[in-house]
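The values are calculated or read from the model by the stated rules, or taken from the named source; none is laboratory data. Because the structure is a prediction, the values reported are computed rather than measured. Positions of Cβ are generated from backbone atoms using ideal geometry, with glycine treated the same way; all protein chains shown enter the neighbour counts. For accessibility, only protein heavy atoms count, side chains too; no ligands or nucleic acids. Shrake-Rupley method; radii C 1.70, N 1.55, O 1.52, S 1.80 Å.
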Amino acid sequence: MTDAVQVAYKEAVAACIDVADTSVVPSVPGSSGFVADSTGFSARIENPRVLGRTSVNAARTKAGCVVYVSPIYPVEVNTIRSLTHSVLAAKGVSPEVVYRSGTNSGAGYAQTIVK
């Protein structure tokens, strides 16, 4: 996972933490290329490690505020967890966090749900 993808992911998680106890749609800073879409914010980041772009999305769902990253390699799920823990520690909070990962049409993905 490139540094740019990691930075975007951390920004998205931080935005979700900020709105975890509300019904507000997360607002992610535009510094990582995030743009508003119908459910929240998304960024498409050049990622030569996956021969294309990686999408990082932050959106409000019934389950909570979800950060979705794809495509990634399955081994990068541990990186996702480490990045999440670093954001939680920096913010000094401990909301409920649920991790999901797998493959979708052969592409790896990770979801982090902040409740």
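Using the Cα centre of the chain as the reference point, and only Cβ charges (+1 on K/R, -1 on D/E), how large is the resulting charge dipole? Debye, rounded to the nearest 20.
Details: 10 positive and 8 negative charges, 38 e Å.
Rounded to the nearest 20 debye, it is 180 debye.
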With all protein chains in place and a 1.4 Å probe, Asp3 shows an accessible area in Å² (nearest 10) of 120
Inter-site label distance for Ser94 and Arg81 at 7 Å from Cα along Cβ, in nm = 1.7
Between the Cα axis of helix 3-18 and the main Cα principal axis of the chain, the angle (0 to 90°, nearest 10) is 20
Could you provide, to the nearest whole Å², the per residue accessible area of the chain with probe 1.4 Å?
-> 52
Using Cα pairs closer than 8 Å and at least 6 residues apart in sequence, work out the relative contact order for the chain, in percent.
-> 26
Val24 accessible area, 1.4 Å probe, all protein chains in place, Å² to nearest 10 | 80
Between helix 77-91 and the chain: long-axis angle, C-alpha atoms, 0 to 90°, nearest 10 | 30
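Based only on Cα atoms, what Rg/Rh ratio does the chain have, Rh being taken as Kirkwood's radius? Walk me through the intermediate numbers first.
Numbers: Rg = 12.8 Å, Rh = 13.8 Å.
Expressed as Rg/Rh, it is 0.93.
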Exposure of Thr39 as accessible area (Å², to 10), given a probe of 1.4 Å and all protein chains = 70
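What ranking of Leu51, Leu88 comes out by heavy-atom accessible area, probe 1.4 Å, highest first?
These residues rank, largest area first, as Leu51, Leu88.
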Carbon and sulfur together cover what percent of the accessible area of region 22-71 at a 1.4 Å probe radius?
-> 59
